[in-house]
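Peer 1: Right, I'll just put the structure down here and ask away after.
Every read-out reported here was derived from the displayed coordinates using simple, explicitly stated rules and does not represent laboratory data. Every value quoted in this text rests on a predicted model; they were computed, and no experiment measured them. Here the Cβ positions follow ideal geometry from the backbone for every residue, glycine too, while neighbour counts run over all protein chains shown.
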Amino acid sequence: MGDYNGMEDFTLHLIESITDKFSDDRIVGSGGYGHVYKAEHNGKEIAVKKLHPFQGLDDKQFHSEVRNLIKIRHKNVVQLIGYCYESRNKYIEHNKELVFARTTERVICFEYMEGGSLDKYITDEPCGLGWSTCYDIIKGTCEGLNHLHTVQATPICHLDLKPGNILLDKSMMPKIGDLGLSKLVASTETHKTEMLKGTKGYMPPEYIDSGRISKKFDVFSLGVIILRMMAGNKGYFSCSNTPPKQFIDLVSENWKERLQAVSQDSSYEMDILRVRKCVDIALRCVDTDRKKRPTIQDIVRQVEELEANIEKMMSAPSPESKDLTFQRSCDTNVLSVDPTLELRFVLEARKETSCCLQLINKTDSFIAFNIKINQHKYRVRPSQGTMRPCSWRYVIVTLQKQEPELLNMRCRDMLFVQSISVTQDLASKDDEIDYQELFEKPMPDKVVDVVKLPIVYVALDQ
């Protein structure tokens, strides 16, 4: 038995010893590629996967796969411990007769995952695990797949990503498993295979129709997994017949009810943003046109951006007046405005003075805003614009030069921030929007929200 970079080359005799000669009592899982046995080696539990004989899987392919799997080191990919590849002659039954033949045993050994696999949590209903656990499983799976697709010199396509191959450790951290027969592909190429393999329901249409393989294969499988987690099997089968926005709303409302039931405060609102983002990503992953599916890098980046935005919003000052700030609901269009009580200017004769206003969109909608103020005294940059969901924007308000005789510390000016939800398509055409018409003549189903902010002058200390 040898050792290469921490990976062991097991003898078949040792493998048979620690599995009680592949006893059925030690089977902890089975799949199309073979049985998985629980064993113990050097005081640690390991998973031993004995591969079934495969047509078209030659020696060169097997060893090439194993050598590349050795290089994978990631917290969300099951760690390869070793392998066994051994041929021997023995009597086997063939056509009801004993024949003396040469057989080859192929075995791959991985770390043992105490939490089992994700498939036991996938039912007709949305995943019964808590949202925090579900979200961590989704993020971890994305990060593991991103490692396979991008970090290696030659990207690895899993080709059989499914709940049964997402394994969970004792703390429910997900790890992608069953990589023994994954495909090594060039990063920009699409390959074609004559022999279809995979799991029904998780294979993309281009693979079923013409055997085409690319990294978008795994992205499709990932989308199916997320949708089955978020909406259950019943919900997943209905998503293709439901408009995307309506489907996102339905799934989000279901999770909102669950989150409200266990939440002691309004923090569930941030989780609803995460729910909506996950469902939105998953729907794009299962697009029948593989070119329209996001890459796994795009997915990881979007999740990271969402988390960064949520962190900034959560660290923003708490509103002191509900009348002047956002209503705590993901269904509202109102922007949160900081400062929340008043806009203060340090007043000096014959000098311009500026202050900063922050607009925060804590909703999952695109928002258009329009700031109204006395234009003879103040300048606002920008005074109009659109904001993406879960985003923020700084606005500079400048008080123009005032002559000494016009100075009056008792200011009665007001600043108004109007906001209204708009479609993503309209938001993408920011330069073409007629803001005056948008806010003066809104659509019947749209409501213009207004935040009023008093302006206060503050004198410099003498």
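Peer 1: Could you calculate the contour length gain from Asp136 to Asp20, that is, 0.36 nm times the residue separation minus the distance between their Cα atoms, to one decimal place in nm?
Peer 2: So the chain would gain 38.1 nm between Asp136 and Asp20.
Peer 1: Then there is this: As I understand it, the dipole of the range 336-459 uses +1 on the Cβ of Lys and Arg and -1 on the Cβ of Asp and Glu, about the Cα centre. Which of Pro454, Ile360, Ser383 lies farthest toward its positive end?
Peer 2: Positive-end residue among those listed: Pro454.
Peer 1: Summing +1 for each Lys or Arg and -1 for each Asp or Glu, what net charge is found among the other residues whose Cβ lies under 11 Å from the Cβ of Phe416?
Peer 2: Result for the local shell: 0.
Peer 1: Next question, about the same structure. Provide the gained length on full extension for the span Val450 to Lys372, in nm with one decimal, where the gain is 0.36 nm per separating residue minus the Cα-Cα distance.
Peer 2: Here the segment from Val450 to Lys372 would lengthen by 27.1 nm.
Peer 1: Continuing with the same structure: Just for the range 336-459, what percent of DSSP beta bridges are antiparallel, to the closest 5?
Peer 2: Just about 85 percent of them are antiparallel.
Peer 1: Right, another one. Can you list residues whose amide H is under 5 Å from Val422's amide H, if they're 5+ apart or on another chain and H is modeled 1.01 Å from N?
Peer 2: It is Phe366, Ile367, Ala368, by chain and number.
Peer 1: In whole Hz, with x marking every Gly and Pro, tabulate ³J(HN,Hα) for the range 106-118 from phi via Karplus 6.51 cos²θ - 1.76 cosθ + 1.60, θ = phi - 60°.
Peer 2: 10, 10, 10, 10, 10, 5, 8, 9, 5, x, x, 10, 5
Peer 1: Taking H placed 1.01 Å from N in the peptide plane, check which residues at least 5 places from Val77 or on another chain put their amide H under 5 Å from its amide H.
Peer 2: Ile176
Peer 1: In the neighborhood of Asp169, defined by Cβ-to-Cβ distances under 11 Å, what is the net charge if each Lys or Arg adds +1 and each Asp or Glu adds -1?
Peer 2: +1
Peer 1: Using amide H atoms built in the peptide plane, which far-off residues or other-chain residues are under 5 Å from Arg106 H to H?
Peer 2: Leu51
Peer 1: Pulled fully out, how much extra length does the chain show between Ser240 and Ala101, if you take 0.36 nm times their separation in residues and subtract their Cα-Cα distance?
Peer 2: 45.0 nm
Peer 1: Please work out the FRET efficiency for the pair Lys71 and Lys44, using the Cβ-Cβ distance as r and a Förster radius of 25 Å; give the result to the nearest 0.05.
Peer 2: According to the calculation, E is roughly 0.70.
Peer 1: In addition: Under the rule a/c < 1.5 gives rounded, and otherwise a/b versus b/c splits prolate from oblate, where does the range 336-459 land using the Cα gyration tensor?
Peer 2: Note, shape of the range 336-459 comes out prolate.
Peer 1: Let me ask another. Below 8 Å, C-alpha to C-alpha, sequence gap of six or more: please give me the relative contact order for the range 341-462 in percent.
Peer 2: Relative contact order here is 36 percent.
Peer 1: Output wanted: per-residue J couplings in Hz (rounded whole) for the range 82-93, from phi through Karplus 6.51 cos²θ - 1.76 cosθ + 1.60, θ = phi - 60°, x for Gly and Pro.
Peer 2: Couplings: x, 8, 9, 9, 9, 10, 7, 9, 7, 7, 9, 7 Hz.
Peer 1: Here's a follow-up. For Val28 and Met173, what does the FRET efficiency come to when R0 = 25 Å and r is the distance between their Cβ atoms, rounded to the nearest 0.05?
Peer 2: Taking R0 as 25 Å, the efficiency between Val28 and Met173 is 0.85.
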